[in-house]
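Enquirer: Have a look at this one before I ask anything.
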Amino acid sequence: MTWIILEMIFSILLIVLPATLYYSNRPAMAKFYLRMVASSNARKLYVYCFLMVLLLYHFVYAGGHPDEWGVLFSTVLCAVLFSFKRAENLMRKLYYDKRKLFTMSIVVLAICTVPHLHTSAMTLAYFILAKMFYPSCSMMKEWEESKESRKYWTEHPDVLPSYYFH
């Protein structure tokens, strides 16, 4: 029973996190936006924390469904994302190509109905969630090139979401 409750918590997080934090002007989110734009180490930490959550989900799912072999597919997907450069490139491609993002979303909806591919659907859904909070290339480029933008963003954190999700 505990495994099922934990699985439900992971599923609910996919709805609650974007609903509460996406395009948020909260001070904690402003710090998050600035750190993600300014530091590659922060982005690396973000990607690895995302992977840890995915692997924790796999552990919970495997504990609740011991004979399920579909976890292997999604674990391979996680192994592919362990390279930070590869994960960052995939997030950037999805960020600018809305057609790939739409296709990936449809694939998630389609494969979540297949019993053995549920963990793969959750892995892809969490990847889409992680992509939602990843900074745009244009904002990172502007951060590197313009000292005026840095100063403006640090002094006016309420405008960060409009730049961050541009």
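Computed from the coordinates by the stated procedures, all read-outs in this text should not be read as laboratory data. No experiment lies behind these values; they were computed from the predicted model shown. No Cβ is skipped: glycine too gets one built from the backbone with ideal geometry, and neighbour counts run over all protein chains shown.
Enquirer: Please find the FRET efficiency linking D67 to R99, where r is the Cβ-Cβ separation and R0 is fixed at 22 Å, and quote it to the nearest 0.05.
Expert: That pair, D67 with R99, gives E of 0.05.
Enquirer: Taking the Cα centre as origin and putting +1 on Lys and Arg beta-carbons and -1 on Asp and Glu beta-carbons, what dipole magnitude results for the chain, to the nearest 20 debye?
Expert: That gives a dipole near 500 debye.
Enquirer: Tell me the net charge near Y152. Cut-off is 14 Å between Cβ atoms, Y152 excluded, with +1 for each Lys or Arg and -1 for each Asp or Glu.
Expert: With Lys, Arg at +1 and Asp, Glu at -1, the net is -2.
Enquirer: Using the Karplus curve 6.51 cos²θ - 1.76 cosθ + 1.60 with θ = phi - 60°, work out ³J(HN,Hα) for each residue of segment 46-63 in order, rounded to whole Hz, and write x for Gly and Pro.
Expert: Each residue's phi maps through the Karplus curve to give 4, 5, 6, 5, 4, 5, 5, 5, 5, 5, 5, 4, 4, 4, 5, 5, 5, x Hz.
Enquirer: Please name whichever of T154, Y61, L45 sits farthest to the positive end of the charge dipole of the chain, dipole taken about the Cα centre and charges placed at Cβ: Lys and Arg +1, Asp and Glu -1.
Expert: T154
Enquirer: At 7 Å along the Cα-to-beta-carbon direction for both I9 and K31, put a label point, then send me their distance in nm to one decimal.
Expert: It works out to 2.4 nm between the two label points.
Enquirer: Ignoring everything except DSSP H segments at least 4 long, calculate the 222 nm mean residue ellipticity for the chain; use -39,500 (n - 2.57) per segment, divide by total residues, nearest 500.
Expert: When only DSSP H runs of four or more count, the value is -25500 deg cm²/dmol.
Enquirer: Label-point separation (nm) for L77 and C137, each offset 7 Å from Cα along Cα-to-Cβ?
Expert: With each label placed 7 Å out from Cα toward Cβ, I get 2.4 nm.
Enquirer: Related question: With 28 Å as the limit, write out which pairs from K31/K141; K98/K151; K98/K141; K31/K131 have Cα-Cα distances beyond it, or answer none.
Expert: Too far apart for the 28 Å limit: K98/K151.
Enquirer: Percentage of Cα-Cα pair distances in segment 45-161 greater than 21 Å, rounded to whole percent?
Expert: Summing the P(r) of segment 45-161 above 21 Å gives 47 percent of all pairs.
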